[in-house]
Amino acid sequence: MKNFWQQLKRPFFILAPMADVTDMAFRQIVVSCGKPDVLFTEFVSCDGLCSEKGRPKLLPHLAFSDNERPVVAQFFGSKPENFFKCAQLAKELGFDGIDINMGCPAGKIVKQDSGAGLILNPELAKEIIRETKRGAGGLPVSVKTRIGYNKIITEEWISHLIEAGPAAIIIHGRTMKEMSKVPAHWDEIGKAAVLCRKAGIPIVGNGDVMSHAEGIEKASRYGLDGIMIGRGVFLNPWFFDPAVDPASKTPRDKIALMKKHIGLFTQLWGSDKNFDVMKRFIKVYINDFDGAKELRAALMTVRRAEDIDGILDPWYTGNMNKPKPKVSEEDVAKEFDRVQDESEQDQDKKPNPTGIDSEYTGDLDGDPADTTPEEEELEIDREEKREKTQPE
Ligand SMILES: Cc1cc2nc3c(=O)[nH]c(=O)nc-3n(C[C@H](O)[C@H](O)[C@H](O)COP(=O)(O)O)c2cc1C
């Protein structure tokens with residue numbers, strides 16, 4: 001079995017896992033604009049996948065197509081036995097690699113010793129890596145993590161991970177506590193690189209890289225094998241092909257891309273996924289041209305995929321004589337309120353076989369969604385306990 005990490009050109013570029021963003025539909029868009037060297041799925045709950053009720057709902061999150069290879073399935077959880085089973089599943093599904101999420105800062109995930117919660121429990125983290133490798137049938141198992149929990153402990157934490165022999169380490173240069181509120185600490189990523197190079201483990205840096213050239217520069221400056229790109233792709237879907245100048249793209253090109261994305265989204269999810277998820281992408285496509293602001297406002301009022309062509313087509317066909325739908329600011333404000341209300345109700349009422357309720361979800365800044373004051377208090381209590389357990 002080949003370990004693809006060893007065979008990639010250096011430096012390589014990876015499309016980051018982003019919940020509710022990097023599903024197969026969006027990955028196909030990115031591949032069509034300029035293929036990343038590696039693609040990751042969104043994170044998927046191991047516990048959910050191991051439950052009878054959860055598995056069918058979660059499997060579409062693991063859909064991929066051959067043109068994405070090498071493609072890596074990312075899992076989160078805290079039960080080594082479920083990682084073992086999910087590794088077997090990833091192998092059966094034909095993935096090229098498996099990644100363990102040890103970086104998600106969302107309160108509900110961290111409190112179950114998953115995501116960044118594992119930074120506080122290195123023994124469990126190592127056991128999870130070993131069990132995943134055991135179930136992976138030779139597929140390479142990587143870890144995506146941060147530089148600490150509530151304080152920076154890069155070298156100590158990376159040394160623990162190295163003991164369990166992952167096939168690669170991807171490090172986001174912030175602690176869990178820093179979320180994405182401070183600039184990534186690239187000097188810390190550099191320290192992790194020194195340890196990984198000594199151990200012969202490929203190391204990938206992640207955090208705030210907004211252009212291809214910047215990625216090349218950082219890989220060289222910090223001695224990295226690769227760079228992972230998350231939000232940079234929202235600014236420029238052609239990110240991974242440095243030969244393409246996004247400024248050369250016409251409104252028609254961008255609208256065509258959006259229409260393609262909506263088609264792929266509907267094909268993948270049918271009516272299972274709230275169309276509001278798709279609205280997060282409006283700004284990715286509808287930007288930097290005359291009338292973009294008005295068009296974005298009009299698109300915000302759409303509720304179903306079927307209705308979107310009616311708004312996009314007059315722009316797409318260039319038939320500007322066709323009346324464009326008029327949207328008042330009031331309509332847009334109402335729609336914002338509705339989306340807000342529904343997402344709050346969803347959090348409370350929807351059965352959630354994924355076990356996620358991810359604060360990653362729906363937040364293109366990477367910041368967790370607001371919590372209630374009660375949750376906040378509970379989190380502060382937990383935080384104090386955790387601070388006591390993390391050595392100074
Ligand atoms: C909307 C969103 C969803 C995310 N979902 C995941 C995820 O499922 N798994 C993961 O490891 N990281 C996730 N992240 C973190 C990103 O992979 C990445 O580490 C972070 O955005 C920093 O990189 P960037 O500055 O290039 O965006 C998410 C980030 C965002 C913004």
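Data table
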{"quantity": "Under-5 Å amide H pairs with Phe13, H placed in peptide plane, nonlocal only", "calculated": "Asp37, Val38, Ile227"}
{"quantity": "Order by protection proxy (mean Cβ within 10 Å, highest first), peptides 232-243, 133-144, 303-314", "calculated": "133-144, 232-243, 303-314"}
{"quantity": "Cross-link pairs beyond the 24 Å C-alpha cut-off, checked among Lys53/Lys91; Lys9/Lys177; Lys53/Lys108; Lys85/Lys198", "calculated": "Lys9/Lys177; Lys85/Lys198"}
{"quantity": "Estimated FRET transfer efficiency (Leu235, Glu127; beta-carbon r; R0 41 Å; 0.05)", "calculated": "0.60"}
{"quantity": "Euclidean distance between Cα centres, the stretch 170-193 to the stretch 248-266, Å", "calculated": "34"}
{"quantity": "Residue-by-residue Karplus 3J(HN,Hα) for the stretch 196-203, coefficients 6.51, -1.76, 1.60, Hz, glycine and proline x", "calculated": "5, 4, 4, 7, x, 10, x, 10"}
{"quantity": "P(r), alpha carbons of the stretch 9-245 - 10 Å bins starting at zero, rounded %", "calculated": "8, 35, 39, 17, 1"}
{"quantity": "Part-to-part distance (alpha-carbon centres) for the stretch 102-119 and the stretch 141-160, which is given in Å", "calculated": "13"}
{"quantity": "Under-5 Å amide H pairs with Arg146, H placed in peptide plane, nonlocal only", "calculated": "His172"}
{"quantity": "Using θ = phi - 60° and Karplus 6.51 cos²θ - 1.76 cosθ + 1.60, couplings along the stretch 99-104 (whole Hz; Gly, Pro as x)", "calculated": "10, 9, 7, 10, x, 4"}
{"quantity": "Ordering of 168-179, 118-129 by packing [mean C-beta count within 10 Å, highest first]", "calculated": "168-179, 118-129"}
{"quantity": "Overall dimensions of the stretch 249-327 by Cα: Rg and Dmax, Å", "calculated": "12.0, 36"}
{"quantity": "Radius 14 Å from Cβ of Asp37, net charge of other residues (Lys, Arg +1; Asp, Glu -1)", "calculated": "+1"}
{"quantity": "Cα convex hull of the stretch 123-184 - mean projected area over all directions, nm²", "calculated": "4.3"}
{"quantity": "Rounded to whole Hz, the Karplus (6.51, -1.76, 1.60) HN-Hα couplings of the stretch 64-74, x for glycine and proline", "calculated": "8, 10, 4, 6, 9, 5, x, 10, 10, 8, 9"}
{"quantity": "DSSP-defined antiparallel bridges as percent of all bridges, the stretch 9-245, nearest 5", "calculated": "5"}
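Any read-out appearing in this document is the output of simple, stated calculations on the displayed coordinates, not a laboratory observation. Because the structure is predicted, anything quoted here is derived from the model rather than measured. Neighbour counts are summed over all protein chains in view; Cβ atoms, including those assigned to glycine, are modelled from backbone coordinates with ideal geometry.
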